[in-house]
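Coordinate-derived values only; no laboratory data. It should be emphasised that the depicted structure is a prediction, and the values quoted were computed from it without experimental measurement. Using ideal geometry, Cβ is built from the backbone for each residue, glycine included, and neighbour counts are taken over all protein chains shown.
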Amino acid sequence: MTETAEQQANPLADGLSFRRTPDPCALVIFGASGDLTHKKLMPALYSLAFRQLLPARFAIVGVARTEGDDDSWRDDMKQAVQKYARDEFRQDVWDELASAMHYVSTDFADAGGEAALEKLVAREEQEHTLGGNRVYYLAVPPPAFPTIVEALGKQRSATGWTRLIVEKPFGHDLESAKKLNKLLWRHFDESEIFRIDHYLGKETVQNMLALRFANGIFEPIWNRQFIDHVQITVAESIGIEGRAGYYEQAGAIRDIFQNHLLQMLALTAMEPPIDFKADSVHNEKVKVLKALHTPGPKSVVRGQYGRGFVEGEEVVGYREEQGVASDSMTETFVAAKLFVDNWRWADTPFYVRMGKRLARRETTIAIQFKRAPHPPFEETASEGLRPNVLLVHVQPDEGVSLAIGAKVPGQGMTIRTVHMDFLYGGAFRTGMPEAYERLILDTMLGDGTLFTRSDEVEEQWLLVDAIVAAWQRDRPAFPNYAAGTWGPPSSEELLQRDGRSWRRH
Ligand SMILES: NC(=O)c1ccc[n+]([C@@H]2O[C@H](COP(=O)([O-])OP(=O)(O)OC[C@H]3O[C@@H](n4cnc5c(N)ncnc54)[C@H](OP(=O)(O)O)[C@@H]3O)[C@@H](O)[C@H]2O)c1
């Protein structure tokens, strides 16, 4: 069944065919031969083409230093689409997309290296009347940013708009992030800069806003009076997938905590924005990030995986991974207790944890409510009753679940916890778009709501820098958790000290 037919048969899908059409434009992808372009960007563009969401007049220009031409790049990208796209491969959709694709092999570090690109883009703009509108996507390693940004700044199109997508990591500490911001601002206005945190493109992360602000029942209880604590988990079962060079420098704190995790926390904790425009949402998120702190070094624990079994398969420890130093002190796990110092959240802990080679892939936000003040039942009746939890499944099994107490059928009064579940797949009966589809389209539309503003990024680094500085003082005995578990014992102790525990799995 095609998606359209499914939606027609499904009344809950009313309005899903809502379309926003961007202006004609050229999308220039730097890093056209890289992993991100293969696995995410081209499959996303194919899915947008599949749904006819791309502008009618459009060009994609891939740039990399690797030798190649239009035909070789198209062949390479076709294979990537066939392998990684979420939609079936349709030759007619591909042919139309491929006819808009061109490749430039050049190195911006060479004198005049940018001329070949400029010539090609100008030709496409003239041929297809693209109006000088350009999106530049920096899918290259961060050391390549300055040369490219300086060159782009100097050759801005005289007509139309220009937008720049910057991939993560955005710096490796506060100082480098500020330096990068300054570089970008020399050539681009803040409104032209789209800093990617692809978690914000996930439907389920955006649904946190719908859940909170489109329902009258949650917001009145979304505060310290009713919420005992919040738990956010970003668990990966995979290891570093051959990316030792990057991960040895980043670790879990820079790879996940600094960006995805803090952004999810900010959306969970922020005040209602006055509207859903970029600045209104960024203003509220940045207030949360400014108010965020850890109570002390003991409130942050780190871990590194050793050998173990993940999903039945034996895997090596982090220090045995290819390209990793045998005495590496890079953390592959972080758990922390954080507080948001404001009127709504004072004294309400936000426990967060993230790691690689954990027991299962799971990203969840769990809002644990306080217990009912005075259950009028016998103690034995409610032994199996846990506090109410609103659980947002970001991935996989996307949906929302509310844990409530219910009477077990039969004589007498026995109460147990049951779950009211909403599953995306079941309710809307439509595939979930990939985050990059939404984010590429939003950039073409000039909508920066689901991107991060400079001050958010800087606040995030401020917290990370403080944590990393405290880590310099001690040297934990790594590895300290076995692959396939839920992290080191110190992660459990972090909550046990407060009389709480991580949500059971
Ligand atoms: N892969 C992912 O899933 C992922 C996820 C989140 C963020 N990112 C970010 O996306 C960016 C690209 O990652 P990737 O995984 O695609 O890396 P990658 O596989 O190593 O590809 C890097 C790309 O950049 C080009 N490149 C490398 N050095 C360059 C230079 N000095 N000047 C110009 N081009 C250069 C490479 O092509 P040539 O060597 O042919 O020039 C290649 O096309 C990074 O910032 C990364 O952190 C990636």
Taking only the alpha-carbon atoms of the range 208-263, the convex hull volume per residue, in cubic angstrom, is 111
Computed over the chain: longest principal axis from alpha-carbon atoms vs helix 174-187 long axis, angle to nearest 10 degrees, is 30
Most packed first (mean Cβ within 10 Å per residue), the peptides 472-480, 133-141 order as 133-141, 472-480
With -39,500 (n - 2.57) per DSSP H segment of 4 or more residues and division by the full residue count of the chain, the 222 nm estimate, nearest 500 deg cm²/dmol, is -9500 deg cm²/dmol
For F170, other-chain or 5+-apart residues with amide H closer than 5 Å (H placed, Pro excluded) are none
The whole-number value in µm²/s of the Stokes-Einstein translational diffusion coefficient for the range 302-373, with Rh from the Kirkwood sum over alpha carbon pairs at 10 °C and 1.306 mPa s, is 105
In Å, the C-alpha Rg and Dmax of the chain are 24.2, 85
The helix 435-445 Cα axis meets the longest alpha-carbon principal axis of the chain at an angle in degrees, between 0 and 90 and rounded to 10, of 50
Longest principal axis of the chain (C-alpha) makes with the long axis of helix 203-213 (C-alpha) an angle, in degrees to the nearest 10, of 60
Whole-Hz Karplus couplings 3J(HN,Hα) for the range 323-338, θ = phi - 60° and coefficients 6.51, -1.76, 1.60, Gly and Pro as x, run x, 9, 5, 5, 10, 4, 9, 5, 7, 10, 8, 9, 10, 8, 9, 10
Cα pairs beyond 16 Å in the range 120-195, in percent, come to 50
Here the Cα Rg-to-2.2 N^0.38 Å ratio for the range 18-167 is 0.99
The range 40-94: spread of alpha-carbon positions along the three principal axes, whole Å, largest first, is 32, 26, 19
For K78, counting only aspartates and glutamates whose alpha-carbon sits under 20 Å away and dropping same-chain residues fewer than eight positions off, the answer is D35, E67, D69, D70, D87, E88, D92, D95, E96, E434, E437
Bounding extents of the range 400-487 in its principal axis frame from Cα atoms, largest first in Å, are 59, 49, 26
Highest mean packing first, using Cβ neighbours within 10 angstrom, the peptides 283-296, 226-239 sort as 226-239, 283-296
For the range 459-472, Karplus-derived ³J(HN,Hα) couplings (6.51, -1.76, 1.60; θ = phi - 60°; whole Hz; x for glycine and proline) come out as 4, 4, 5, 4, 5, 4, 4, 5, 5, 5, 4, 5, 5, 5
Set K285/K337; K119/K202; K40/K202; K40/K182, cut-off 25 Å on Cα-Cα distance; pairs above it are K119/K202; K40/K182
For the range 295-307, Karplus-derived ³J(HN,Hα) couplings (6.51, -1.76, 1.60; θ = phi - 60°; whole Hz; x for glycine and proline) come out as x, x, x, 5, 8, 10, 10, 10, x, 9, 7, x, 4
Counting sequence-distant residues (5 or more places) and residues on other chains, those with an amide H built under 5 Å from that of V394 are T363, T364, I365
Listed by chain and number, the residues whose amide H is under 5 Å from that of Y137, excluding neighbours fewer than 5 places away on the same chain and using placed H, are V28, I29, F30, I165
The range 138-255 -> Rg/Rh from Cα coords, Kirkwood Rh, value 1.07
For the range 281-414, the convex hull over Cα atoms projects on average to an area in nm² of 13.7
As straight-line cross-link partners of K298, the qualifying aspartates and glutamates (C-alpha separation under 18 Å, not fewer than 8 residues apart within one chain) are E331, D347, D465, D474, E492, E493, D498
Cross-link reach from K407 to lysines, straight Cα distance under 28 Å and at least 8 residues apart if same chain, gives K370
